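Comments concern the structure below.
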Amino acid sequence: MEEFKKPERFFLERYGLENRELEAAIGRALGKKVDYADLYFEYQVHEAISLEESLVKKVSKGISQGVGVRAVAQERTGYAYSNDITGENLLSAAKTARYIAEESGKGGIVPLKRGGGPGHDLYPLKTAPIDVPVQEKIDLLQKIDAIARRQDRRIKSVMASFSSEFKLVLIATSEGIVVGDVQPLMRLNVTCIAEENGKRFSGTFGGGGRREFTYFLEGDRFEQYAKEAARQAVVNISALEAPAGPMEVVLGPGWPGILLHEAIGHGLEADFNRRKTSAFTDRIGQRVASELCTVIDDGTLPFRRGSLNFDDEGTPTHKTVLIEKGILKGYLQDKLNARLMNMPLTGNGRRESYAHIPMPRMTNTTMLAGESTPEEIIRSVRRGLYAVSFGGGQVDITSGKFVFSASEAYLIEEGRVTRPVKGATLVGNGPDVLTRVTMVGNDMALDAGIGTCGKDGQSVPVGVGLPTIKIMDLTVGGTAAANR
């Protein structure tokens, strides 16, 4: 672990580089019309272990490494990368990036400031994921398998998996800034299949974050994951066909915040709004939600899956208020879009790896708690749907239309949660759905740490959070007619 604690020294020593080579590469990327240039170094150890039918199905471990060089001229971005980190390849990539961006320019030398720090320490480590023996992780998965099978005789199949990555990054910019970080990430996942009368029903649960392996052992957390996955699978056995039509919908706390992420969050990313392709374009200062709704994106939450000490451009992450009491306050910014829109940075420039260009992305997107209790919210509904967990979903950024499938949902009848239902989907419009929020609970919760967000072919880890909320007249897709 000691060798990884100083990323700048790690990269320079491991690849035989000198400070002057970094300065020369940034200088080479600059030209007459280039506004900004940066280097992004990455070294990552990733591991995946899976258990299926009580047998180890896969154990994999690998290393990825590389450097990306970016040159930005107005709206044009030149990018080149190499997985062979040498001084010569740095200069070659810098020349290529500059040529793509402006096709001319001589460049120079950019002095770099030493000792730059991230400004946060959100995930201090004593032990890295790569230091934990593989057998210890396999033993944990086998315990999970046994626990899940004991929950109900109808549990016929269990799949458990553990994945981790241990990433070092170093960013040097034409502004003279150098920052480095050590970024751990772990996830434990359990899926159970229950069978009855020839039909199969699944349940999935898991969690993780930027934590150490011991997190899963605290309070037998891994046991809770196994029991919850089994419970969901068994609940779905007795589920009725979901009703269809507009009705009151109550979203439970925590993971249902994925609807907030997809239906609202993507539309507030700066690139869509600069290009005027978002349903939220030019609406800052306008009401876009109920006054009960305050939505934030916070990359500074300790140990969370979506948190970073600084983003992938070297900007310290922020707690950014997007919607305050229903009023749109701003967008999620990276350096390119913040400069072009003349808006402040928010620390949301993110990329999947050294082979990708950064773009505005969410970190941990949440709605703040309100004053109602969850019980009051449920009692206020005569007939509606209580959505506890979601599976897949999709959104059209331009129109704001979304569709989400509920993996666990229940009927609400005369103010009480009653029978489970299956096949429920929620259909709506992002800019409209938050205007229909009529009650917000006092029970805001974060998800367990499983979120991954896709955009333009890139995937990054994210977090979501939500209190219990009630939405009026949201369309539910199902197979039974709604009885309103």
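The values are calculated or read from the model by the stated rules, or taken from the named source; none is laboratory data. All of these numbers come straight from a predicted model, not from anything done at the bench. Positions of Cβ are backbone-derived with ideal geometry, glycine not excepted, and every protein chain shown enters the neighbour counts. Quick note on the areas: whole protein, heavy atoms, side chains included, nothing else; ligands and nucleic acids left out. Shrake-Rupley method; radii C 1.70, N 1.55, O 1.52, S 1.80 Å.
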Helix-only mean residue ellipticity at 222 nm, the chain, DSSP H runs n ≥ 4 weighted -39,500 (n - 2.57), per residue, nearest 500. What is it? -5500 deg cm²/dmol
Carbon plus sulfur, as percent of the 1.4 Å-probe accessible area of the chain, comes to 49
For the stretch 212-352, what is the charge dipole size about the Cα centre, in debye to the nearest 20, if Lys and Arg each add +1 at the Cβ and Asp and Glu each add -1 at the Cβ? 520
Using 1/(1 + (r/R0)^6) with R0 = 22 angstrom and r between the beta carbons of TYR99 and ARG339, what's the FRET efficiency to the nearest 0.05? 0.55
Run the numbers for THR479 and ARG287: contour at 0.36 nm per residue of separation, minus the present Cα-Cα distance, in nm. 65.6 nm
Quick check: residue separation of LYS319 and GLU88 times 0.36 nm, minus the Cα distance between them. What number comes out in nm? 79.2 nm
Distance from a point 7 Å along Cα→Cβ of LYS143 to each backbone N in the stretch 215-234: keep the residues under 17 Å and list them by number. 215-229
Result for the chain: accessible area per residue, probe 1.4 angstrom, in square angstrom, of 41
Taking the Cα centre as origin and putting +1 on Lys and Arg beta-carbons and -1 on Asp and Glu beta-carbons, what dipole magnitude results for the stretch 115-166, to the nearest 20 debye? 520
LYS401's amide H: which non-local residues (gap 5+, or another chain) put their own amide H closer than 5 Å, with H modeled 1.01 Å from N in plane and none for Pro or chain starts? ASP396, GLY430
What is the stretch 1-112 by shape, rounded, prolate or oblate, if you read a ≥ b ≥ c off the alpha carbon gyration tensor as root eigenvalues and call it rounded for a/c under 1.5, prolate for a/b larger than b/c, and oblate otherwise? prolate
Gain in span if fully extended, ASP396 to ASN442, counting 0.36 nm per residue against the direct Cα distance: 13.5 nm
How far, in degrees from 0 to 90, does helix 19-29 lean away from the longest principal axis of the Cα atoms of the chain, to the nearest 10? 80
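In the structure displayed, which of LYS58/LYS126; LYS401/LYS455; LYS5/LYS137; LYS5/LYS126; LYS143/LYS227; LYS32/LYS95 lie more than 20 Å apart, Cα to Cα?
LYS58/LYS126; LYS5/LYS137
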Trypsin sites (Lys or Arg not before Pro), restricted to the stretch 271-361: which are DSSP loop and have at most 14 other Cβ atoms within 10 Å? ARG275, LYS276, LYS325
So for R0 = 22 Å, FRET eff. of PHE303-ALA128 from the Cβ-Cβ r, to 0.05, ends up at 0.90
About the Cα centre, charge dipole magnitude for the chain (Lys/Arg +1, Asp/Glu -1 at Cβ), debye: 560
Please give, to one decimal in nm, the separation of the simple spin-label points placed at LYS113 and SER405, each 7 Å out from Cα toward the Cβ. 5.0
Starting at the first residue of the stretch 227-241, write each ³J(HN,Hα) from the Karplus equation 6.51 cos²θ - 1.76 cosθ + 1.60 with θ = phi - 60°, in whole Hz, x for Gly and Pro. 5, 5, 4, 5, 4, 4, 4, 5, 4, 5, 4, 8, 5, 8, 5
Can you give me the distance in nm between label points at LYS276 and ARG153, each placed 7 Å from the Cα along the Cα-to-Cβ direction? 6.7
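At R0 = 22 Å, how high is the FRET efficiency between GLU13 and GLU175 if r is their beta carbon distance? Nearest 0.05 is fine.
About 0.35, to the nearest 0.05.
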